[in-house]
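Structure, as structure tokens:
Readers should treat all values here as calculations from the given coordinates under stated rules, not as data from a laboratory. Keep in mind that this is a model prediction, so the values were computed, not measured. Cβ coordinates were reconstructed from backbone atoms using ideal geometry, including for glycine residues, and neighbour counts include every protein chain displayed.
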Amino acid sequence: MKVVATEKAPKALGPYSQGYVSGGVFYSAGQIPVNPATDTVEADTIEGQAEQACKNVGEVLKAAGTDFDHVVKTTCFLSDMGDFAAFNEVYAKYFTSKPARSCVAVKALPKNVLCEIEVIAAVEE
């Protein structure tokens, strides 16, 4: 197994890694809309937060040696299912290969953000 870590995505908020590669598969921790340069949540809309979360996903994918086109599954967490359509508009710009997905509403997310995205992706070995 290989630990995936990059300073271009938010550091872990607890005792976990940004992700792991094992057997040609990348498993990410959830990425929230924290700007890694400032360590803060800058956007207050679902669109802005989804954009930052997707950028963070892109950075951990790159650190793992893969990209959005190799994502096979995502799990998305929203603090309000009323944001589903607006979230999808941003999500669709990044996940153009339309990987399998689960999207659920949760009571709360770390730092009270509006969304979180985790991915599973193939890694060329």
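Just to be sure before I move on: is Tyr16 outside any loop (DSSP other than H, G, I, E, B) and hydroxyl-bearing (Ser, Thr, Tyr) in the structure I sent?
Details: outside any loop (DSSP other than H, G, I, E, B): no; hydroxyl-bearing (Ser, Thr, Tyr): yes.
Against the criterion (outside any loop (DSSP other than H, G, I, E, B) and hydroxyl-bearing (Ser, Thr, Tyr)), Tyr16 does not qualify.
Of all residues in the range 19-44, how many are part of a loop (DSSP other than H, G, I, E, B), surrounded by fewer than 16 Cβ atoms within 10 Å (Cβ to Cβ) and either of a type in the set (Asp, Glu) or free of Cβ contacts under 8 Å to residues at least 24 places away in the same chain (or both)?
Matching residues across the range 19-44 total 6.
Which one is surrounded by the fewest Cβ atoms within 10 Å (Cβ to Cβ) among residues in the range 82-125 that are β-branched (Val, Ile, Thr), under 13 Å from the mean Cα position of the chain (by Cα) and farther than 13 Å from Pro33 by Cβ?
To start, the set of residues in the range 82-125 that are β-branched (Val, Ile, Thr) comprises 90, 96, 104, 106, 113, 117, 119-120, 123.
Next, from what is left, pick out any that are under 13 Å from the mean Cα position of the chain (by Cα): 90, 113, 117, 119-120.
When the remaining residues are screened for being farther than 13 Å from Pro33 by Cβ, the result is 119-120.
Details: Val119: 28, Ile120: 17.
The qualifying residue surrounded by the fewest Cβ atoms within 10 Å (Cβ to Cβ) is Ile120.
Could you list, in sequence order, all residues of the range 93-125 that are under 12 Å from Glu47 (Cα atoms) and assigned to a helix (DSSP H, G or I)?
Lys93
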